[in-house]
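Below: the structure, in structure tokens.
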Amino acid sequence: MEAQSLVALPIVLALELSSGEAPARITLSRDEAAELAALIAADLHGLVPQIDQARLAVAGALFDTVELLRPGFPVWATLDELAKRVPRGHLDNVVAFGTHEGHMPAQPLEPEATYADGPMRLLPLSLLAPETLAAELSESLEVELVGRGEAGARTADWLMRTLGVRLEHVRYLSRNDLLAMTCVQYEHVNLAALWTLLEAALLTPYREETALSARGLALRYAEGKISVQSPADWLRTQSSEPAQRAHDLAGILFELRQYAALLEAHHLPVSLHSEHASATGAEHGYLLEVLGTLEPAYGAPALHAHEAPGLGVVAVTLAQRGDGGRARVLVHGYPLHSKALGSLVTALAERYGIPAELHALGRIVLDADGHLAAPSHALH
């Protein structure tokens, strides 16, 4: 069976941890991975006997959903590539990859510690089947795993003993099952628009997709990237009274942070789309939109921090004092998490040659037209 004739059928072994449990480690050694692979092969044979005609590949590592559902499915792609290099017949056509001297055989198979504390751990598997068998085997797996996908008692017991955890459930899922489950989870927490974009990036990366968040922020996927409507632009479309507009903007900025964190976890870069900016920027942890140029006739610009209850600083505005003390906005910056605020302030201070001093406003400041702004009077 030549490597070129193999079709990969991605599967996952999902471990649902009991409350308060955490595995002592997130990778298995080579020998441990081989032991587990033998148990998995027996489980799958009991569900779909045709798997004996395919090659089972097992990665001895525990991942979070966000690590597996990334453009190009790099974990499965790496697992498939490594498995195809192993001569047919090796270990009865079951191949397993674990750590050697503390490292997995390829970087994509190394789980990230950042995502290691979730309640469900996922161990990636792949069946490499001949083209003539792949469609039939895939259909059988989809049916059998949904109805009878619970792992065998020996497999579950081995995992609990080896990882030192109690498990509520251990079951096999196809990648389609994992996609469907993730869709439901995101929809349940009002992130259906995020799923729309992620699904496009995963399954139809060549197509553009647009969506509207639950609070009304416009989002677009194209060419492997997500562009997000400028919060300041979104604010311009609102017509409620000022206090409500400021409150709603805080909600939009909270939502933006949610989206940015999850999209980063799924390895989808985020950029800002602005109808009114001369330039936009996306750095690690914050987004920028440039709205004006420095006017030498006016005073030196200053940095102002817009704040919202429970969220801290949600936006930073760089502005000069114009005629009559009116604020002339040059830049809006949006920290996507609290740790990015310092980097944002430093970057703007260095760019405009001013002290890295942030004037706390205690609220979100809007101008007379209801736009995001800076105070129109001198700060004391």
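The values are calculated or read from the model by the stated rules, or taken from the named source; none is laboratory data. As the structure is a computational prediction, the values presented were derived from the model and not from experiment. Counting neighbours? That spans all protein chains shown, and the Cβs are built from the backbone with ideal geometry, glycine included.
Those helices (runs of 4 or more DSSP H) of the range 1-109 that lie entirely within it include none in which at least 3 residues are β-branched (V, I, T), touching a helix residue (DSSP H, G or I) at 6+ places or on another chain (Cβ under 6 Å) and outside the structural domain of W195 (by TED's automatic domain parsing).
Looking at the range 322-348, which of its residues are more than 18 Å from L366 (Cβ to Cβ), crowded, with 16+ Cβ neighbours inside 10 Å and out of contact with any helix residue (DSSP H, G or I) (no Cβ under 8 Å at 6 or more places or on another chain)? Matches in the range 322-348: A340, L341, L344, V345, A347, L348. Checking the structure you have, find out if any residue of the range 346-360 is under 26 Å from the mean Cα position of the chain (by Cα) and either within 24 Å of K225 (Cβ to Cβ) or outside the structural domain of V228 (by TED's automatic domain parsing) (or both). Yes. For the condition at pLDDT 95 or above and of a type in the set (D, E, K, R), R121 qualifies.
Using the structure shown, decide if A243 is of a type in the set (G, A, S), buried (at least 19 other Cβ atoms within 10 Å of the Cβ) and part of a helix (DSSP H, G or I). Judged against the criteria, A243 is not a match.
Conditions (1) touching a residue at least 12 places away in the same chain (Cβ under 8 Å); (2) surrounded by 18 or more Cβ atoms within 10 Å (Cβ to Cβ); (3) closer than 27 Å to L197 by Cβ; (4) not assigned by TED's automatic domain parsing to the domain that holds D367, marked per residue:
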{"residue": "D248", "(1), (2), (3), (4)": "yes, no, yes, no"}
{"residue": "A260", "(1), (2), (3), (4)": "yes, yes, yes, no"}
{"residue": "L263", "(1), (2), (3), (4)": "yes, yes, yes, no"}
{"residue": "H266", "(1), (2), (3), (4)": "yes, yes, yes, no"}
{"residue": "V270", "(1), (2), (3), (4)": "yes, yes, yes, no"}
{"residue": "A277", "(1), (2), (3), (4)": "yes, yes, yes, no"}
{"residue": "P296", "(1), (2), (3), (4)": "no, no, no, no"}
{"residue": "G299", "(1), (2), (3), (4)": "yes, no, no, no"}
{"residue": "A305", "(1), (2), (3), (4)": "yes, yes, no, no"}
